[in-house]
Amino acid sequence: MNAYDVIIIGSGPGGYVTAIRASQLGLKTAIVEKESLGGVCLNWGCIPTKALLKSAQVFEYLKHAGDYGLSVKEYDKDFDAVVNRSRDVADGMSKGVQFLMKKNKIDVLNGHGKILAGKKVSVTLDDKTEEYSAKNIIIATGSRSRELPSLPQDGEKIIGYRKAMTLPKQPKKLIVVGSGAIGIEFAYFYNAMGTDVTVVEFQDRIVPVEDEEISKQLERSFKKSGIKIITSAEVTGVDTSGKGVKATVKKAKGDEILSADVVLSAVGIKTNIENLGLEDVGIVVDKDKILVNDFYQTNLPGYYAIGDVTPGQALAHVASAEGILCVEKIAGHQVEPLNYGNIPGCTYCFPEIASVGMTEAQAKEKGYDIKVGKFPFSASGKAQAAGNSEGFVKVIFDAKYGEWLGCHMIGVGVTEMIAEAVLGRKLETTGHEVLKSVHPHPTMSEAVMEAVADAYDEVIHL
């Protein structure tokens, strides 16, 4: 039997990153994957969606070329070519992970992995099963699109995010159910490409995990772009018997029937923990998540879990960080637990959203006396020159000690700016230190300094 120091089941941004770090630490490592290396993130999630969104953004630029003093006589979109570009980007990234596995001498075991008692893993491919043993087994099997009983996905008229990336033809009308990052990104993409889009959200505002002011700004921007938004509403049933789909939407004032070609269900995720052998081995699961300690060990020594299958935020960068921490602990390094209060979240619609730490409401709930600062991009020279002045940066500080409690941004390119707040908070910066760090001019990033200045009544450009 092939023996390893570490076997990882799943090769998404949790699994493959963990495998590389394990190999760097001198551990003999294997990774099990039943589909494509890179998992959902590289093949069906983060990366190919960004390729689609870039095409939409370029198309928007062409539509507004006149705003920049340019004249473009003829332009059109080719939906198939846009989808194909996205697939090519994904394939290139997956090949990159293959290269990294070879470079780091990691054995790739193709097939369906299952944990067995006695620190063993079985890998099944086309009716053939092999067994492997390892001193440490890490489960990193991720998640998939959650299905609601009222929205059973058929892959044609009612789809999940995966199908939304490769539709054979562009729908004329689309209903997006759920306004988290996935729903919002697809709503933006399809609207920009010319589809009539309606977003239905169960909570009383879109992007409900964000600060309330961010939700309001995005709703304004989306409505301006022609996206219809229905909040405090729920799709209670769908009729797919006719040509398109008829969705029954339950609202406070009564039911409304919406018709569309396709309904995209983006109501969260379901972990991939079935058929893994968890019950046979006796690993404790609660509310669809594998329970782990601060260093990702399950209730059984030698068995670990990271990423979406565990209770932390279901984000690619969280899975990578957890995996690195997990194997460093296995290798005997001194490591500190991950701070889940300092994880940035990004949504790549137009305008983009990026945030870290507490919202204003959360800071008040926790009893902080706060200082809040805001700087609108309408007052930013760089944003005006770029023709993208929608949005703002909002910062929240503890009035007593100057601790940076939260940072919330909405605007063009803000996903590239949020790391300043993450790093600042990690280094326990204060508002005055951010204020006295000279930011380059003209940049979008100056808005962070200006927002902090606003919190401390020192803002210059407002």
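The values are calculated or read from the model by the stated rules, or taken from the named source; none is laboratory data. The structure presented is a predicted model; accordingly, all values stated were derived computationally and were not measured. Methodologically, a virtual Cβ is constructed for each residue, glycine included, from the backbone with ideal geometry; neighbour enumeration extends over all protein chains shown. Quick note on the areas: whole protein, heavy atoms, side chains included, nothing else; ligands and nucleic acids left out. Shrake-Rupley method; radii C 1.70, N 1.55, O 1.52, S 1.80 Å.
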Single unsatisfied condition, Asp107 versus (1) under 30 Å from Gln203 (Cβ atoms); (2) open to solvent by 30 Å² or more (accessible area, probe 1.4 Å); (3) not hydrophobic (A, V, I, L, M, F, W, C) = (1)
Which of the following residues is open to solvent by less than 40 Å² (accessible area, probe 1.4 Å), among the hydroxyl-bearing types (Ser, Thr, Tyr) and at pLDDT below 95: Ser94, Ser133?
-> Ser94
Scanning the range 267-303 for residues that are under 23 Å from the mean Cα position of the chain (by Cα) and under 18 Å from Val6 (Cα atoms), which turns out least open to solvent (accessible area, probe 1.4 Å)?
-> Tyr296
Could we say that Gly387 is within 23 Å of Pro208 (Cα to Cα), touching a residue at least 40 places away in the same chain (Cβ under 8 Å) and out of contact with any Lys or Arg (no Cβ under 7 Å at 6 or more places or on another chain) here?
-> no
Count of the range 332-362 residues which are among the hydrophobic types (A, V, I, L, M, F, W, C) and in a loop (DSSP other than H, G, I, E, B) = 6
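Results for (1) surrounded by 22 or more Cβ atoms within 10 Å (Cβ to Cβ); (2) of a type in the set (A, V, I, L, M); (3) farther than 17 Å from Leu100 by Cα; (4) in contact with a Phe, Trp or Tyr (Cβ under 7 Å, 6 or more places away or on another chain), shown as yes or no for each residue.
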| residue | (1), (2), (3), (4) |
| --- | --- |
| Tyr16 | yes, no, no, no |
| Gly26 | no, no, no, no |
| Gly38 | yes, no, no, yes |
| Lys54 | no, no, yes, no |
Those residues of the range 127-153 which are closer than 15 Å to Val176 by Cα and part of a loop (DSSP other than H, G, I, E, B), in sequence order | Arg146, Glu147, Ser150, Pro152, Gln153
Pick out, from the range 370-462, the strands (runs of 3 or more DSSP E) lying fully within it that include 1 or more residues that are open to solvent by 50 Å² or more (accessible area, probe 1.4 Å) and within 25 Å of Val207 (Cβ to Cβ).
-> 370-376
Does the range 219-231 contain at least one residue that is at pLDDT 95 or above, acidic (Asp, Glu) and either over 25 Å from the mean Cα position of the chain (by Cα) or closer than 30 Å to Gln313 by Cα (or both)?
-> yes
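The rows are residues; the columns are (1) assigned to a loop (DSSP other than H, G, I, E, B); (2) modelled with pLDDT of 95 or more; (3) within 30 Å of Asp5 (Cα to Cα); (4) open to solvent by 60 Å² or more (accessible area, probe 1.4 Å).
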site: Gln313; (1), (2), (3), (4): yes, no, yes, yes
site: Ala319; (1), (2), (3), (4): no, yes, yes, no
site: Glu322; (1), (2), (3), (4): no, yes, yes, no
site: Leu325; (1), (2), (3), (4): no, yes, yes, no
site: Lys364; (1), (2), (3), (4): no, yes, no, yes
Is it fair to say Ser265 is polar (S, T, N, Q) and at positive phi?
-> no
Please specify each residue of the range 342-374 satisfying the condition of being polar (S, T, N, Q) and out of contact with any His (no Cβ under 9 Å at 6 or more places or on another chain).
-> Asn342, Thr347, Gln362
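Each row is one residue, and each column tells you yes or no for (1) touching a Ser or Thr at 6+ places or on another chain (Cβ under 9 Å); (2) touching a residue at least 24 places away in the same chain (Cβ under 8 Å); (3) over 27 Å from Gly26 (Cα atoms).
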residue: Leu300; (1), (2), (3): no, no, no
residue: Asn342; (1), (2), (3): no, yes, yes
residue: Ala361; (1), (2), (3): no, yes, yes
residue: Gly367; (1), (2), (3): no, no, yes
residue: Phe377; (1), (2), (3): yes, yes, yes
residue: Ala383; (1), (2), (3): yes, yes, yes
Evaluate the range 113-121: report whether one residue or more is out of contact with any Lys or Arg (no Cβ under 6 Å at 6 or more places or on another chain), surrounded by 13 or more Cβ atoms within 10 Å (Cβ to Cβ), among the small types (Gly, Ala, Ser) and modelled with pLDDT of 95 or more.
-> yes
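Can we say Leu338 is more than 30 Å from Lys223 (Cα to Cα), among the aliphatic types (A, V, I, L, M), in contact with a Gly (Cβ under 8 Å, 6 or more places away or on another chain) and open to solvent by 10 Å² or more (accessible area, probe 1.4 Å)?
yes
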Subset of the range 356-397 [acidic (Asp, Glu) and in contact with a Gly (Cβ under 9 Å, 6 or more places away or on another chain)] | Glu360, Glu390
Test Ser259 against the criterion of being more than 30 Å from Lys120 (Cβ to Cβ), touching a Gly at 6+ places or on another chain (Cβ under 7 Å) and open to solvent by 30 Å² or more (accessible area, probe 1.4 Å), and give yes or no.
-> yes
